1. Between 93, 58, 89, which is within 13 Å of the chain's Cα centre (by Cα) and closer than 13 Å to residue 7 by Cβ?
2. Which residues, taken from the range 81-100, are touching a residue at least 24 places away in the same chain (Cβ under 8 Å) and either over 16 Å from residue 37 (Cβ atoms) or in a strand (DSSP E or B) (or both)?
3. When you look at residue 78, is it more than 14 Å from residue 37 (Cα to Cα) and touching a helix residue (DSSP H, G or I) at 6+ places or on another chain (Cβ under 8 Å), yes or no?
4. Of all residues in the range 52-77 being at pLDDT 95 or above and surrounded by fewer than 14 Cβ atoms within 10 Å (Cβ to Cβ), which is nearest to residue 18 (Cα to Cα)?
5. Of the conditions (1) over 15 Å from the mean Cα position of the chain (by Cα); (2) in contact (Cβ under 8 Å) with a residue 24 or more places away in the chain, residue 51 satisfies every one except a single condition; which number is it?
6. Please identify the pairs in which a residue from the range 26-40 that is under 19 Å from residue 99 (Cα atoms) has its Cβ atom under 8 Å from the Cβ atom of a residue that is modelled with pLDDT of 95 or more and in a loop (DSSP other than H, G, I, E, B), counting only partners at least 6 apart or on another chain.
């Protein structure tokens, strides 16, 4: 894995409802904090404050560059409705080189 590949990041984010996910995605892409955001409706089972929860949520997979991660996470925290939002940063180990180049280009203009 070369240094360029190490600079690509995926951020996993979960939020409630159908409105928050697209709004967050649009903001990140328009402000070039992300090249692309996938949005999928999911169902999450978890324990919160001592009780079992089974809720519909929205999963976002945010494609960005390492240099944009902190800015993107800060922007998400400002608008996220959860007290404890799931924001997990994952390095991209490898990928299709033209796609990775596009992510880099879209987040560094």
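1. Numbers: 93 fails: within 13 Å of the chain's Cα centre (by Cα); 58 fails: closer than 13 Å to residue 7 by Cβ.
Being within 13 Å of the chain's Cα centre (by Cα) and closer than 13 Å to residue 7 by Cβ holds for just one of 93, 58, 89, which is 89.
2. 81, 82, 87, 88, 89, 90, 91, 93, 94, 95, 100
3. So residue 78 does not fit the description; no.
4. 56
5. Every listed condition holds for residue 51 apart from (2).
6. 28/34; 29/35
The values are calculated or read from the model by the stated rules, or taken from the named source; none is laboratory data. Predicted model only: the values in this text are computed from it and were never measured. Every residue, glycine as well, gets a Cβ built from its backbone with ideal geometry; the counts of neighbours run over all protein chains shown.
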